[in-house]
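Participant: Structure below; questions to follow.
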Amino acid sequence: MAVFAGGVPWRWLGLAGLVLTLSLEAVARYVRGRRRPLCEVLFFPVPVTCPEPALSPGLSCPCPLPHTDSALSRLLRRILAAQRSLELCVFTVSCAPLARAVLQLHLRGVRVRVITDSDYMAASGSQIGALRSAGVIVRHNQTSGFMHHKFVIMDRTVVMTGSLNWTMQAIHTNKENVLISDDQTFVKAYLEEFERLWEEYDPATYDFFPDKDQK
Ligand SMILES: [Zn+2]
């Protein structure tokens with residue numbers, strides 16, 4: 001008591017608090033650094049299975065398809081794990097189960113942004129119209145040359161990229177790969193590319209009569 005009454009220890013208490021805070025931050029950094037990195041690779045094609053166990057977990061589905069795990073169901077679960085944001089930058093989006101997963105996120109309040117190719121968003125079977133109708137913001141290229149990327153970023157912490165277009169043919173017929181990583185160097189690079197394209201494809205800057213301007 002005498003020590004406290006002397007007034008000296010408050011400075012020391014403050015110092016001790018600072019040391020404790022810095023130590024806890026160092027421990028947190030160490031734990032984060034020691035965490036096993038997420039590094040998964042999915043290969044396609046996969047046989048046709050029911051997507052419902054991934055899209056509607058807990059509900060029993062009476063359909064005759066196998067209800068087994070597959071690269072598609074793992075992809076769906078990764079997407080559905082997003083809590084805050086999803087940046088989707090994919091050339092073709094016609095796979096209904098994957099579009100449903102995106103829609104579920106949107107309806108759940110996750111901030112969803114989509115970039116796709118202008119030619120293929122109008123192709124038969126494209127799910128882009130359905131996503132737009134539901135209120136998902138979609139931007140697309142306007143110039144010649146495809147918007148040919150195939151990557152997705154979840155919660156600004158996980159990136160999925162590879163050869164896979166979001167089509168049933170790619171999933172069930174083609175040889176394709178998807179790499180999933182939470183390496184922040186990759187995530188940051190893909191995020192920067194997404195933001196760059198998002199600005200480039202801002203409808204406010206569309207040129208609706210490019211030929212006319214050249215005359
Ligand atoms: Zn089923």
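Participant: Which pairs do you get when a residue that is open to solvent by 70 Å² or more (accessible area, probe 1.4 Å), found in segment 33-49, comes within reach of a residue that is of a type in the set (G, A, S) and not in a loop (DSSP other than H, G, I, E, B), reach meaning Cβ atoms under 6 angstrom, with the pair 6+ apart or on two chains?
Facilitator: Between residues of segment 33-49 that are open to solvent by 70 Å² or more (accessible area, probe 1.4 Å) and residues that are of a type in the set (G, A, S) and not in a loop (DSSP other than H, G, I, E, B), the close pairs are C39/S181.
Participant: In addition: Say we look at segment 36-57 and pick out the residues that are assigned to a loop (DSSP other than H, G, I, E, B) and away from the ligand (no atom under 13 Å from the Cβ); which of these is farthest from V152 (Cα to Cα)?
Facilitator: Restricting to residues being assigned to a loop (DSSP other than H, G, I, E, B) and away from the ligand (no atom under 13 Å from the Cβ), the top hit is P47.
Participant: So, in segment 12-58, exactly how many residues are modelled with pLDDT of 80 or more and more than 26 Å from the chain's Cα centre (by Cα)?
Facilitator: Residues that pass the stated criteria total 16.
Participant: Given the conditions (1) surrounded by 11 or more Cβ atoms within 10 Å (Cβ to Cβ); (2) within 11 Å of the ligand (Cβ to nearest atom), report the number of the one that S60 does not fulfil.
Facilitator: All conditions are met except number (1).
Participant: Tell me the residue from S124, S144, S118 that is under 14 Å from S94 (Cα atoms) and either touching a Gly at 6+ places or on another chain (Cβ under 6 Å) or open to solvent by 50 Å² or more (accessible area, probe 1.4 Å) (or both), please.
Facilitator: The conditions single out S124.
Participant: Pull out all pairs, ordered by first then second residue, where Cβ-Cβ is under 6 Å, the residues are six or more apart or on different chains, the first lies in segment 194-215 and is within 17 Å of S85 (Cβ to Cβ), and the second is surrounded by 10 or more Cβ atoms within 10 Å (Cβ to Cβ) and at pLDDT 90 or above.
Facilitator: What qualifies is F194/E87; F194/C89; L197/I115.
Participant: Of everything in segment 63-92 that's within 16 Å of the ligand (Cβ to nearest atom) and more than 16 Å from the chain's Cα centre (by Cα), which residue is most open to solvent (accessible area, probe 1.4 Å)?
Facilitator: The extreme case among them is P64.
Participant: If I go through segment 169-178 residue by residue, how many of them are surrounded by fewer than 17 Cβ atoms within 10 Å (Cβ to Cβ) and either of a type in the set (F, W, Y) or within 17 Å of I79 (Cβ to Cβ) (or both)? Steps first, answer last, please.
Facilitator: Going residue by residue through segment 169-178, those that are surrounded by fewer than 17 Cβ atoms within 10 Å (Cβ to Cβ) are 169, 172-175, 177.
Within this subset, residues satisfying the condition of being either of a type in the set (F, W, Y) or within 17 Å of I79 (Cβ to Cβ) (or both) are 177.
Residues flagged as surrounded by fewer than 17 Cβ atoms within 10 Å (Cβ to Cβ) and either of a type in the set (F, W, Y) or within 17 Å of I79 (Cβ to Cβ) (or both) within segment 169-178 amount to 1.
Participant: Could you check segment 105-125 and list, in sequence order, the residues that are in contact (Cβ under 8 Å) with a residue 24 or more places away in the chain and part of a helix (DSSP H, G or I)?
Facilitator: L105, H106, L107, Y120, M121
The values are calculated or read from the model by the stated rules, or taken from the named source; none is laboratory data. What you are looking at is a predicted structure, and each value in this text was computed from that prediction instead of being measured. With ideal geometry, Cβ positions are generated from the backbone for all residues, glycine too; neighbour counts draw on all protein chains shown. SASA here: full protein model, heavy atoms, side chains in, ligands and nucleic acids out. Shrake-Rupley method; radii C 1.70, N 1.55, O 1.52, S 1.80 Å.
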